Structures are given as C-alpha cells and as structure tokens.
Amino acid sequence: MLRHRVEILVIGSGFAGSLMAMIARRLGFSTALLERGRHPRFAIGESSTPLANLLLEEIADDYELPGVRPFSKWGTWQKHAPQVACGLKRGFTFYHHELGRSFKSDSRRQRQLLVGASPRDEIADTHWYRPDFDHYLGRQAEDMGAAYWDETELTKAVEEPDGVRLTGKRRDEPIEFTQEFWDDRYRSAGQLWSGQPNPVFAEQVADLPPGEALEAGCGEGADAIWLARRGWTVTAVDVSAVALERGANAARAADGAAGGEIARRITWQREDLRAKCRPGELLEDPEQPQT
C-alpha cells in the first residue's frame, strides 16, 4: 500500500483545486493534490468577468503567485503564456426567451442584446480552454512542492484522534493519506505560541483560590504552567503529542528552585475531546468555578 502524510489534501485538480494547493504551499503547509482523471482532461470551459479578473489578481498578489497573475487579462496572458489556449472575450449576448416557446428573431433584433466586454483587447476578459488551463495550473502547483497524484479515487474517510485517514486506490493499487494537522503545525516551528498565559484568562482566574483545573486544548502549556505556579492541580489535554511534550519540558524548565512542584501539579494527557465528550459533559459540577 502507498502511504503518505500531509497537512492539506486537495481533492480535485481543476483550476480551483490547483490554486488552493499553491496557496497552501505558499503558506508552508505540506500539500497533496489528487485527481481522479488525468491531465489534460476534458472540462467545461469558463469565461472570465471583470470581477473574476480582479479577484485572480488579488489572489496572485496576496499569495505571491506571479505565474497566475497574467491570466487575469487577455493581453498579459498572450504575452506570458501563449501556449495555454484561450479565447478573446468580446462581449455578452443576451436573448429574450419565453418558456415553452421557440426563440424567434426579427429584423431589428429586438429580442437580442450585445454588451461589449472591454474597451480594448489588451485588458479584455478571456474564454478559458480548461484542458490547457487546468493542466498548466496543476504543473504550477507541483513546481511549488505540492505532491500530485492522478488516477486516484478515494473511497473512505475516517476521523481519528490525531487527524484524518483517507483510503482509496491509484491505478488499482491501495493508497492511504493521513492528515495529522496539529502535530505537523507544531513541528513547523520551534515554538508556535508566545509562552505567556492568555491575559484575559489570567485576569479572570487570578483571584480564585487554587483547586483542580482541566485545560482543554492546552497547546504548549503556558496557561497550565501559570496555574500550577499558583498552586492549582491541572489536567492539560491536547490532541497534539508534540505540543504536550513541549508543555512538559516547559513545566520542568519553569520549576527552577521550586523542587519540581510545578511539573508534579500538571498531568499531560493526549485526547481528542471531539471523540470523547459531548458538549457539557466536562462540567461535572455547574456550581463550581470551571476553567
């Protein structure tokens, strides 16, 4: 069986899927792009509009995708990527049609309206020849580091405590993808959060007497350590084993002259609370303060 682990799995390598894969790679996520068919493949064509062109420019600028921006206009498309087939969009034509009746024209064309799309060809809208356009964007995503898998069909998705597992076949060979988002996110940086307690949380809890606390989604443990310093006994829960390990290390480092008291007051527990609890089940005594 082929096995792969990624943070983001994009299913479908049409132009929207490939753009998503490029954005994910630009943001630093490990990414796979899946296609049930094979490029170049048939797809219904699209024609751009002025608003769509502006949005494409904005996406290209925001995520630093210089290979995408030229496709926002006929002129830049022809200059930078003439090998990708497209048509020059000269206008929109509207026809007045009545339900249940065949359309009939007249010599004055009163049932037709042609609206010019652009004042000149250089900035005109375009008709996309999708087999070429989708193929090109898929290759761009690959060039940016997205893993591309064609002729792949997914048949099952299972949510697990540490991510999602998807299985299927690629050319009759079993294939499996796992997504362990939070572990991968924590591994992407030496420290993901500031190491300081949430100021709103600290303000709310500062005057409470020490007791027992459950922190759901403790991350790297800054809030749990802050509580333990003040005498609280804390169960710190997170779905990421990487985050929990960092929290435990930070608690030991925070002990200093405390003789290990801070670390002893915290129990680090890996759980996916979505699979363990329904809303409200964590609140054992609604009369007692909860954190």
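How would segment 199-276 be classified by its alpha-carbon gyration tensor: rounded, prolate or oblate, with rounded meaning a/c under 1.5 and the a/b versus b/c comparison settling the rest? Oblate, because a/c is 1.5 or more while a/b does not exceed b/c.
The Cα center of segment 28-68 and the Cα center of segment 79-123 differ in position by 24 Å. For segment 128-150 versus segment 186-237, the spacing of their alpha-carbon centroids is 44 Å.
In summary, the helical segments of the chain meeting the span-like criteria, namely a full DSSP H run, a Cα extent along the axis of 15 angstrom or more and a mean Kyte-Doolittle hydropathy of at least -0.5, are 15-26, 50-62, 241-255. The antiparallel fraction among DSSP beta bridges confined to the chain stands at about 55%. In this Cβ point-charge picture (+1 for Lys and Arg, -1 for Asp and Glu), the chain has a dipole of about 1600 debye about its Cα centre. Here Lys73 is the anchor, and the aspartates and glutamates within straight C-alpha reach of less than 12 Å, apart from those fewer than 8 places off in the same chain, are Glu57, Asp121, Glu122, Asp125. With the highest mean first, a sort of the peptides 96-102, 154-160, 106-112 on other beta-carbon atoms found within 10 angstrom per residue produces 154-160, 106-112, 96-102.
We did not get these values from a lab; they are worked out from the coordinates using the rules stated. In this text the structure is predicted, and so the values were computed from the model without any measurement. Ideal geometry is used to build each Cβ from the backbone, glycine not excepted, and the neighbour counts take in all protein chains shown.
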